[in-house]
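Every number here is computed from the coordinates shown, using simple stated rules; none is lab data. What you are looking at is a predicted structure, and each value in this text was computed from that prediction instead of being measured. FYI the Cβ positions are ideal-geometry reconstructions off the backbone, even for glycines, and counts take in every protein chain you see.
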């Protein structure tokens, strides 16, 4: 159990895993880290910054003297739009990274199969031992791409729904009394 928590063992295990999966696995890992960084940033925004933006928007709306005029209506829409822009920041990027992950896994599959065919062409036979490295380079990135996409899919939808729901609540709170 002591080896399990050892950082040196974890790093060597990660290096072995990345070598088994090939260069595409590194790209999947980087894309996954970036995706999770943006997801965590959005959760931090909802917890820390959105309440401040919301209070500021409502205070600005309450300061408008004539709420029934057309310019006041435009002002309300502008305030909501500015908050919406901050609330939806990076949501499309997160969704794009979720969509890219399986495609990177597919790229790993193709490069792994090319390695298998390369071994077959070089040796002139279909030796299972010779092809095993290429097969692992074909399957591991596929699995990693799917795991990365599935891990981000649920939370990207949650972030998108949170943005829409919070903006709708803000718009309701800024209705003309």
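For helix 70-87, report the angle its Cα long axis makes with the longest principal axis of the Cα atoms of the chain; keep it between 0 and 90° and round to the nearest 10°.
So the inclination is approximately 20 degrees.
Exposure proxy check: 98, 110 ranked by fewest other beta carbons within 10 Å? Each step should come with its number before you reach the end.
Working: 98 23, 110 13.
Going from least to most buried by this count: 110, 98.
What number does the range 1-92 give for Rg over Rh if you use C-alpha atoms and the Kirkwood radius? Spell out each step's value before the answer.
Numbers: Rg = 23.2 Å, Rh = 17.4 Å.
Reported Rg/Rh (Cα atoms, Kirkwood Rh): 1.34.
Please build a GNM for the chain, connecting alpha carbons under 10 Å apart, and tell me which residue among 63, 152, 22 fluctuates the most.
Sorting by GNM fluctuation, first place goes to 63.
Take 54, 47, 42 and order them by how many other Cβ atoms sit within 10 Å, fewest up front. Mind dumping the intermediate values first?
Working: 54 18, 47 9, 42 24.
With the fewest neighbours first, 54, 47, 42 line up as 47, 54, 42.
In degrees from 0 to 90, rounded to the nearest 10, what is the angle of the helix 128-173 Cα long axis to the longest principal axis of the chain?
Roughly 10 degrees, rounded to the nearest 10.
What do you get for the angle between helix 50-62 and the principal long axis of the chain? Use alpha-carbon atoms, 0 to 90 degrees, nearest ten.
Once rounded, the angle reads 20 degrees.
What percent does the relative contact order of the chain come to when contacts are Cα pairs within less than 8 Å and at least six residues apart? Present the calculation step by step, with values, prior to reporting the outcome.
Details: 163 pairs, mean separation 59.0, N = 177.
33 percent.
Mean-square fluctuation check for the chain, GNM, Cα pairs under 10 Å: which of 167, 58, 100 is largest?
The residue with the greatest mean-square fluctuation here is 58.
So which residue, out of 120, 35, 146, gets the largest mean-square fluctuation from a GNM of the chain using Cα contacts under 10 Å as springs?
Evaluated over the chain, the most mobile residue of the options is 120.
Can you list the residues of the range 46-65 with backbone N under 17 Å from a point 7 Å past the Cα of residue 78, pointing along Cα to Cβ?
56-65
In vacuo Debye scattering of the range 1-53, one point per C-alpha: log10 I(q)/I(0) at q = 0.19, 0.30 Å⁻¹?
Evaluating at q = 0.19, 0.30 Å⁻¹ gives log10 I(q)/I(0) of -0.77, -1.01.
Under the rule of -39500 (n - 2.57) per DSSP H run of 4 or more residues, summed and divided by the residues of the chain, what mean residue ellipticity at 222 nm is obtained, to the nearest 500 deg cm²/dmol?
Details: 6 runs with 147 residues, N = 177.
It comes out at -29500 deg cm²/dmol, rounded to the nearest 500.
Multiplying the sequence separation of residue 143 and residue 123 by 0.36 nm and subtracting their Cα-Cα distance, what value in nm do you get?
Working: separation 20, 0.36 × 20 = 7.20 nm, distance 2.81 nm.
Roughly 4.4 nm would be gained on extension.
Take the eigenvalues of the Cα gyration tensor for the chain, scale each by 5, and report the square roots as semi-axes in whole Å, largest first. Could the numbers behind the result be given before it?
On the way: eigenvalues 527, 65, 17 Å².
After scaling each eigenvalue by five and taking roots: 51, 18, 9 Å.
Quick one: compute a quarter of the convex hull surface over the Cα atoms of the range 62-121 and quote it in nm².
On the way: hull surface 23.0 nm².
Projected over every direction and averaged, the Cα hull of the range 62-121 covers 5.7 nm².
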